[in-house]
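Beneath this line is the structure, given in structure tokens, with notes to follow.
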Amino acid sequence: MEVWTSRSRPGRQLAIALLCATIGAVLLAALHGGDVSRDAKAARLLGVVLVVIGVGAGLTAGTQTVTVDPRARSVTVTDARLLGGTRTRTIVATDIREVGIGYLGRSSNHVRTYYLNLKLRDGHDYPLFAPGRFYPGSSDRATVEGWRRRLAESLALPA
């Protein structure tokens with residue numbers, strides 16, 4: 001088997017960050033006047049929260065690269081932030097107890113993102129193809145199930 005590499009989509013991360021910050025700024029600007037009603041206070045608070053989320057998401061945005069190496073029986077996750085800084089974590093197959101599928105979102109609003117959840121022998125969970133990183137295919141459970149099978153086969157893990 002060959003090395004399998006997948007990269008996230010930082011452009012979508014930045015677009016959502018910018019959208020949150022913009023909507024928050026619009027709310028703050030529109031309600032800048034002296035209106036002290038509960039609704040205006042709540043809208044201003046929402047504006048502040050959206051600006052903070054947008055700026056925070058923009059500052060932490062970057063590319064995440066997941067590399068599965070069947071020969072080394074390992075998964076390497078590299079986070080490279082747009083503003084500099086890189087963090088790498090390598091997980092060897094013997095540290096993985098189970099590979100499951102997790103999700104973020106609700107079926108009622110038709111927005112659900114799937115990811116692989118590595119259950120490690122030390123008792124911790126590690127999200128692979130993490131939500132919010134916008135990996136191609138992460139909104140389709142069948143695609144993510146294919147990732148799960150491929151990972152298990154590549155690392156010779158029990159299915």
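For T94, the accessible surface of its heavy atoms amounts to roughly 90 Å² (probe 1.4 Å, protein chains only, rounded to the nearest 10). Across the range 56-159, counting alpha-carbon atoms alone, Rg and Dmax equal 14.2, 42 Å.
Using a probe of 1.4 Å, the accessible surface attributed to V36 totals some 100 Å² when neighbouring protein chains are kept in position. Ordered from highest to lowest accessible area with the whole protein assembly present and a 1.4 Å probe, H32, H124 read as H32, H124.
With the convex hull of the Cα atoms taken as the outline of the range 1-133, the averaged projected area works out to 11.1 nm².
Counting only heavy atoms of the protein chains and using a 1.4 Å probe, D125 has close to 80 Å² of accessible surface. From the alpha carbon centroid of the range 90-159 to that of the range 53-76 is 13 Å. If one computes P(r) from the Cα atoms of the range 41-101, what percent of pairs lie at distances over 18 Å? Every Cα pair in the range 41-101 considered, those over 18 Å come to 57 percent. What FRET efficiency comes out for R7 versus I53 if R0 is 35 angstrom and r is the Cβ-Cβ distance? Round to the nearest 0.05. E(calc), rounded to 0.05, equals 0.90. Only Lys, Arg, Asp and Glu carry charge here, each on its Cβ (+1 for the first two, -1 for the last two); on that basis the chain has a dipole of about 20 debye about its Cα centre. Of the residues T88, P136, G123, the one whose Cα sits farthest toward the positive end of the charge dipole of the range 83-142, with +1 on the Cβ of Lys and Arg and -1 on the Cβ of Asp and Glu, is P136. Using a probe of 1.4 angstrom and keeping all protein chains present, the accessible surface of the chain works out to 60 square angstrom per residue.
The value of relative contact order for the chain, using C-alpha pairs under 8 Å at least six residues apart, is 22 percent. Distance between the 7 Å Cα→Cβ label points at N109 and I23: 0.9 nm. When the solvent-accessible area of the chain is split by element, carbon and sulfur atoms take up 57 percent of it, the probe being 1.4 Å. Remark on G62: its backbone amide H falls under 5 Å from those of L82, a criterion applied only to residues 5 or more positions apart or on other chains, H modelled at 1.01 Å from N. Tilt of helix 38-60 relative to the longest C-alpha principal axis of the chain, in degrees (0 to 90, nearest 10)? Roughly 40 degrees, rounded to the nearest 10.
Between L45 and R149, the distance separating the two model label sites (each 7 Å from Cα on the Cα→Cβ line) works out to 4.9 nm.
The values are calculated or read from the model by the stated rules, or taken from the named source; none is laboratory data. Bear in mind the structure is a predicted one, so any value in this text is a computation, not a measurement. Neighbour counts run over all protein chains shown; Cβ positions are idealised from the backbone, glycine included. When the accessible area is computed, the model is the full protein with side chains, heavy atoms only, and any ligands, DNA or RNA have been set aside. Shrake-Rupley method; radii C 1.70, N 1.55, O 1.52, S 1.80 Å.
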